[in-house]
Amino acid sequence: MSDYKRLLGADHWASRKEGEQHSNLSPASQFLPTENEPRQDEHLRVALAEMKSALYAERAWARVALNSVGDAVLAVDLYGTVTYLNRMAETLTGWASEDAIGKPLAQVFHIIDAKTHEAAANSARRAIEENRTVGLAMNCVLIRCDGSECHIEDSAVPLHDEEGNVTGAVIVFHDACQSQTMSEKMTYLAQHDVLTGLPNRVLLVERLNRAIGLAHRHHHQVGLIYLDLDDFKPVNDTLGHALGDMLLQAVAERLSKCVRDTDTVCRQGGDEFVILLTEIEKPEDAAKVAEKILSTIIESYCIHKHEVRVSASMGISLYPVDGIDTHELMHHADLAMYHSKKDGRNTYHFFRPSMNAITVKRLFIESHLQQALKENEIFLNFQPKVDIETGEVCCAEALVRWHEPSLGLVLPSEFVPVAQACGLIVPIGQWVLHETCRQLQAWRNEGIDIVPVAVNISTVELCNKKFLESIIEILEDTGLEAHFLELEFTESSLMHDAKASLTMLESLQQLGLALTIDDFGVGPLSISYLQRFPIDTVNVDQSFVHGMPHDADAITIMKSIIQLAKNLDLRATAKGIETREQYNLLRSQQCEGGQGFLFSPPLAVEDFRKLLVKDKTHRSIGFIAGNNQELIEEETRQINR
């Protein structure tokens, strides 16, 4: 071999036919001087070395590029001899490059027709002979090196030299089964929720349209249930999105077990789900499913050692009575679901036409609520609580009110659910806390003998990471002593994350605040947690009071709760007392505190101030009930309007 050949390296020489060598360099390189010719100067050696380096670099880059593509690439020369395979081609054919290069294409790339099992047309040969790209060939089976079969799709393109002469061909092919699997996967992802695996809105609409068509032909009904988890956001904010996602997956699994195989459970997005009942005979069928869902969802969840509880609010629409197309049914189920939210949550409602008017009002409230905070349209009332034994006003509850110029007085039952839905409950809650403390301290600065005032705390506020910090800031800003502020929590709020609630309550207790469980007796709080929570008072839910004195069960439950409170060294306060009979019965049961219209409706700031300036001996049942009858009647009219 000449010096020039040694300089270029033996790897640039390959075998075309047995015994015949050819160079992989350009044709000009084959006319270099031989050993017998005069040696060139050093410049030529340098130029040749640079040429060699550039060729190696170019080939290296080509190898990297071809090995990076997802398809298999195989090259042949004019004689049909394999000259190159990328890694994917090695994988699909089962041949290693060192074994395949130099072998006939038919041996390495043995393909047959999938239907006839006869030898398939050689796409590379056609590309070379016709000097054109041969399009994608389907229904081909590649016989791999080990004899196994693989369905492929392949195409071929001719290779040319610098002068445009055909020098070979490149075959590009891929696994057709894998391609089909990917297509099926893409279709699945387009129709299903990634997190839960449930059908998404796209598939729901398709199935709902189909169900409506079948119901029309066979004269049966279709039910649609819209479901929204109650207070899911606090769980998400407290435990984090990862655990929130795990909760959604657990809910999805429970929902799927509540319906038939022919029904569809869909995740609408966020914490909203839709259940399609494809064939029902009467509304009661949908109601049974809704009741089953309620009882299933409310059972506690164990998420990474956290005991979590959620409930659900649902709305139901029926085909054809509530709508004859997809849009109407979905819209009306959504309206009914909102009505369940407004009506106390953890319940369901069937759609009624009157709900459309309610929705219009809801949208108005939502659009004006934020402005109401800025325009001082939000204000406080104070409802006294009394010592049942002495009749003395011992504390009060701060109640938020809104006077909207065009709507008049908007009660909390109307705007609080909207505030929760649109994310305004925290700023409203912060305003109530600050205004309560500010007003109490202002009265105290006047020398008035104030009483502790309770403020309701929502689940969203309790789970807010800055809640404790905000309480401290409010007390410092207003100068109010902590023992004049009482915080009320519902059982469901505390049990959202019982461990986190316990930590928060202990911190609040250390500040000196009074802590109360509101609406006690109707929530999921267990006795063990009641013992562990640093609670001072339980407010017995007014539903038990309303049943007295005629409902024997209500009387028994009330007596049991009062006794339980005494055993745990807690104060029991009965809410919703409206009659002397209720008062007398509660007094005989030794209930310590009472609140209700028998004593006083919620009072305006100035009216409550007038009550406080009286000495304690005049803060009695007789004083309150006897001199505020007009206020009681007015408040009753507002509530019943």
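Please treat every number below as a calculation from the coordinates, not as lab data. As the structure is a computational prediction, the values presented were derived from the model and not from experiment. Because the Cβ atoms are built from the backbone with ideal geometry, glycine has one as well, and the counts that use them run over all protein chains shown.
Over the C-alpha trace of segment 386-426, radius of gyration and Dmax come out as 15.4, 44 angstrom. One Cα centroid belongs to segment 480-554, the other to segment 328-366; the line between them spans 30 Å. I need the phi-derived Karplus couplings for segment 396-410: 6.51 cos²θ - 1.76 cosθ + 1.60, θ = phi - 60°, integer Hz, Gly and Pro marked x. Once θ is set to phi - 60°, the couplings for segment 396-410 become 7, 10, 7, 10, 7, 9, 9, 10, 8, x, 8, 9, x, 6, 9 Hz. Here the relative contact order of segment 448-515, from alpha carbon pairs under 8 Å that lie six or more residues apart, stands at 42 percent. Counting other Cβ atoms within 10 Å as a rough exposure proxy, the listed residues 79, 583, 226 run 79, 583, 226 from fewest neighbours to most.
Residues in segment 529-543 carry Karplus couplings, in order, of 6, 4, 6, 7, 5, x, 9, 9, 9, 10, 8, 6, 4, 5, 4 Hz; the curve used is 6.51 cos²θ - 1.76 cosθ + 1.60 with θ = phi - 60°, and Gly or Pro positions show x. So which of 288/341; 342/385; 341/465; 292/341; 575/610 end up more than 21 Å apart by C-alpha? In this structure, 342/385; 341/465; 575/610 lie more than 21 Å apart at Cα.
Neighbour counting of Cβ atoms within 10 Å sorts the residues 364, 232, fewest neighbours leading, into 364, 232.
Stretched out straight at 0.36 nm per residue, the stretch from residue 390 to residue 588 would grow longer than its current Cα-Cα span by 70.0 nm.
Taking label points 7 Å from Cα along the Cα-to-Cβ direction, residue 604 and residue 569 give a separation of 4.4 nm.
Near the amide H of residue 578, within less than 5 Å, lie the amide hydrogens of 598, all on another chain or at least 5 residues away, with H placed in the peptide plane. Relative intensity of segment 459-591 on a log10 scale, I(q)/I(0) at q = 0.09, 0.11 Å⁻¹, equals -0.30, -0.43, per a Debye sum over C-alpha point scatterers of equal strength in the absence of solvent. Spin-label pair residue 361-residue 403: with each label point 7 Å from Cα along the Cα-Cβ axis, the two points sit 2.0 nm from one another. Between 338, 353, 383, the Cα set farthest toward the positive side of the dipole of segment 335-429 (charges on each charged residue's Cβ, about the Cα centre) is that of 353. Per-residue Karplus couplings for segment 512-524, computed as 6.51 cos²θ - 1.76 cosθ + 1.60 with θ equal to phi - 60°, are listed in order as x, 7, 8, 10, 9, 9, 8, 6, 5, x, 10, x, x Hz, Gly and Pro entered as x. Distance between the modelled labels on residue 98 and residue 119, one decimal in nanometres: 3.0 nm (7 Å Cα→Cβ projection). Loop-resident trypsin sites (Lys or Arg not before Pro) (DSSP state other than H, G, I, E or B) in segment 435-527 with no more than 10 further Cβ atoms inside 10 Å of their Cβ: 465.
Mind running the shape call on segment 376-640? Use the C-alpha gyration tensor, a ≥ b ≥ c as the square roots of the eigenvalues: rounded below 1.5 for a/c, prolate if a/b tops b/c, oblate otherwise. Judged from the Cα gyration tensor, segment 376-640 comes out rounded (a/c under 1.5). Annotation: average projected area of segment 94-209 is 12.1 square nanometres, based on the convex hull of Cα atoms across all directions. Is segment 371-497 best put as rounded, prolate or oblate by its Cα gyration tensor, with a ≥ b ≥ c the root eigenvalues, rounded for a/c under 1.5, and otherwise prolate when a/b is larger than b/c, oblate when not? The shape class here is rounded. Each peptide in 371-381, 567-577 was scored by the mean count of other Cβ atoms within 10 Å over its residues; highest first, the order is 567-577, 371-381.
Note on residue 133 and residue 191: with the Förster distance fixed at 41 Å, the Cβ-Cβ geometry gives a FRET efficiency of about 0.70. Less than 5 angstrom separates the built amide H of residue 268 from those of 273, 274, all sequence-distant by 5 or more or on a different chain.
Quick check: from the Cα gyration tensor, does segment 192-357 come out rounded (a/c under 1.5), prolate or oblate? Here segment 192-357 falls in the prolate category.
Scoring 552-558, 396-402, 304-310 by mean Cβ neighbours within 10 Å over their residues and listing the highest first yields 396-402, 304-310, 552-558.
If R0 equals 51 Å, the separation of the Cβ atoms of residue 510 and residue 325 corresponds to a calculated FRET efficiency of about 0.30.
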